[in-house]
Amino acid sequence: MGIKILLISQEKVLEAVNGATRILYYFSNKLVEKGYEVVVAYPNEKNPEGDKFLDEKVKFYNLNYIDMSGFKSRYKRITLFERLLMIRCQKELKMLNIPQITDRIEAVIQREQPDIIIPFFAHVTSQLVFGRDYNIPIIQMYHTHPKVYHAVSPILNPTSKPMAILFNYTVKKVSYLQLFFESYVEFMSQYYKGPKRVIHNPVKIPNQMANLEEKKRKIIYLSRIDKNKGQDILINAFSLIAKNYPEWEVLLYGDFEPKAYRGVINGLITHNNLERQVKIMGVTNDTVGAFLEADLGAYTSAFEGFPLGLSEALAAGLPCIGLKTATGVNELIEDRKNGLLAENNVMDVARKLTELMNNTPLRVKYGQYARESMKQYSEDLFWEKWEALFKEALKNKK
């Protein structure tokens, strides 16, 4: 009998096109390959029978369809502070479907008796531990900068954000935090005094590298397309210089989330008369091939956790542009080494685009370092760190 790991994710996994969902499938299926027993649970309306993207050896629970007849909690213990939270965070607890989803998660735990539990998001941790005490190591993942969830929010301060109050409390009930960068660890030290481990997302270095001596005249942004990702900033910046570079194109790869955002992007393209130069490419299964056909990447998102699209672009040898203020992006892009960091305005983004578009030797230089800079985030190191954490968590439990 191997080590059994329970992974708990958020709602609407099947509809999602984000990096966290990609990591869920990668993580689950690779764990099975490595000999772990894996259980995945999440609530979803569309897959009562299973999830086709999971390895057939992964045991799956749709939390919306669990038979709860005869369920009786073994771990429920609501503290006095939690009773105060139930008053202060009433709307937030209802939004997260606590305690109903909490009962369903516990039902899975009772049946499966996992050795380690890994919630994928802070709100999933709240669903897991609110009013519950488990003698099982819990490793909370963060797929973005933790400031998205946590803020200084004293419970008695009427201006405090109730959701932050809830997250600040429930994070204290986990055993470990997994964070992408040391700067994220520093931020979380004010909210969580327990052990924190820096474990990056895995980056696969492709066999081929983009040939930047060959001018394709293409700028690529491969990511989910939504407001936070900042494709609008890229389009507006490119519009300032497009007439000077009629042969250059901006290629936007990815799906729209929400779908209505397509209208916003199409409107920007039309308004700036860029129908010939800015192209919506849709989702591709050949991401490496897309990067190899480009000259540079532009990732103008407002913030990130560990941006998968950007890391893949850099690994393919593309110099990239990002915003100085964008967390995650400003960790992977080393200014003037593997790309350029711009101020958070379209004028400076346009300047940085122009600088790289005009200078092939500079693109080649940055591209070579870009590929090297991603080797520190290799798949081997990713698994080395995770398996060391599993051993430490089980040892401390004993």
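Values as computed for the structure displayed
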{"quantity": "Y191 aromatic (F, W, Y) and within 26 Å of V13 (Cα to Cα)", "calculated": "no"}
{"quantity": "Test: V171 is assigned to a helix (DSSP H, G or I) and not acidic (D, E)", "calculated": "yes"}
{"quantity": "Cβ pairs under 7 Å, 6+ apart, first in region 82-105 and part of a helix (DSSP H, G or I), second of a type in the set (F, W, Y) and surrounded by fewer than 16 Cβ atoms within 10 Å (Cβ to Cβ)", "calculated": "D103/F71"}
{"quantity": "Residue count for region 321-334, restricted to those that are out of contact with any Cys (no Cβ under 8 Å at 6 or more places or on another chain) and part of a loop (DSSP other than H, G, I, E, B)", "calculated": "6"}
{"quantity": "Filtered residues of region 347-391 (kept if farther than 23 Å from S311 by Cα and surrounded by 16 or more Cβ atoms within 10 Å (Cβ to Cβ))", "calculated": "L389, F390"}
{"quantity": "Condition met for L93 (among the aliphatic types (A, V, I, L, M), open to solvent by 30 Å² or more (accessible area, probe 1.4 Å) and farther than 22 Å from I136 by Cβ)", "calculated": "no"}
{"quantity": "Scan of region 289-311 for residues that are more than 20 Å from the chain's Cα centre (by Cα) and assigned to a helix (DSSP H, G or I), ordered by number", "calculated": "G289, A290, F291, L292"}
{"quantity": "Matching entry among K57, K46 (being in a loop (DSSP other than H, G, I, E, B), open to solvent by 90 Å² or more (accessible area, probe 1.4 Å) and at pLDDT below 90)", "calculated": "K46"}
{"quantity": "Condition check for R22: surrounded by fewer than 19 Cβ atoms within 10 Å (Cβ to Cβ) and closer than 25 Å to Y169 by Cβ", "calculated": "no"}
{"quantity": "Yes/no for I66 being under 30 Å from P158 (Cβ atoms) and assigned to a loop (DSSP other than H, G, I, E, B)", "calculated": "no"}
{"quantity": "Selected residue (criterion: farthest from G305 (Cα to Cα)) from residues of region 146-162 that are in contact (Cβ under 8 Å) with a residue 40 or more places away in the chain and open to solvent by 20 Å² or more (accessible area, probe 1.4 Å)", "calculated": "I155"}
{"quantity": "Conditions (1) in contact with a helix residue (DSSP H, G or I) (Cβ under 8 Å, 6 or more places away or on another chain); (2) loosely packed, with under 14 Cβ neighbours inside 10 Å; number of the one not met by T270", "calculated": "(1)"}
{"quantity": "The listed residue being part of a helix (DSSP H, G or I), of a type outside the set (D, E, K, R) and open to solvent by less than 20 Å² (accessible area, probe 1.4 Å), out of L318, L340, L314", "calculated": "L314"}
{"quantity": "Pick from region 163-193, criterion crowded, with 18+ Cβ neighbours inside 10 Å, within 30 Å of Q376 (Cα to Cα) and among the hydrophobic types (A, V, I, L, M, F, W, C), ranking: farthest from the chain's Cα centre (by Cα)", "calculated": "V174"}
{"quantity": "Qualifying residue in region 115-131 (condition: open to solvent by less than 60 Å² (accessible area, probe 1.4 Å), at pLDDT 95 or above, on the phi < 0 side of the Ramachandran plot and touching an Asp or Glu at 6+ places or on another chain (Cβ under 7 Å))", "calculated": "yes"}
{"quantity": "Odd one out for V124 among (1) closer than 26 Å to E392 by Cβ; (2) assigned to a helix (DSSP H, G or I); (3) more than 27 Å from the chain's Cα centre (by Cα)", "calculated": "(3)"}
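Quick grid of which residues meet (1) under 20 Å from the mean Cα position of the chain (by Cα); (2) over 18 Å from I219 (Cβ atoms); (3) open to solvent by 20 Å² or more (accessible area, probe 1.4 Å):
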site: V250; (1), (2), (3): no, no, no
site: Y253; (1), (2), (3): yes, no, yes
site: E257; (1), (2), (3): yes, yes, yes
site: R262; (1), (2), (3): no, yes, yes
site: N266; (1), (2), (3): no, yes, yes
site: E275; (1), (2), (3): no, no, yes
site: V278; (1), (2), (3): no, no, no
site: T284; (1), (2), (3): yes, no, yes
site: T287; (1), (2), (3): yes, no, yes
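The values are calculated or read from the model by the stated rules, or taken from the named source; none is laboratory data. From a predicted model like this one, the values you see are computed outputs, not experimental measurements. For neighbour counting, all protein chains shown are included, and Cβ atoms are generated from backbone atoms with ideal geometry for every residue, glycine included. Ligands, DNA and RNA are excluded from the accessible area calculation, which covers all protein heavy atoms including side chains. Shrake-Rupley method; radii C 1.70, N 1.55, O 1.52, S 1.80 Å.
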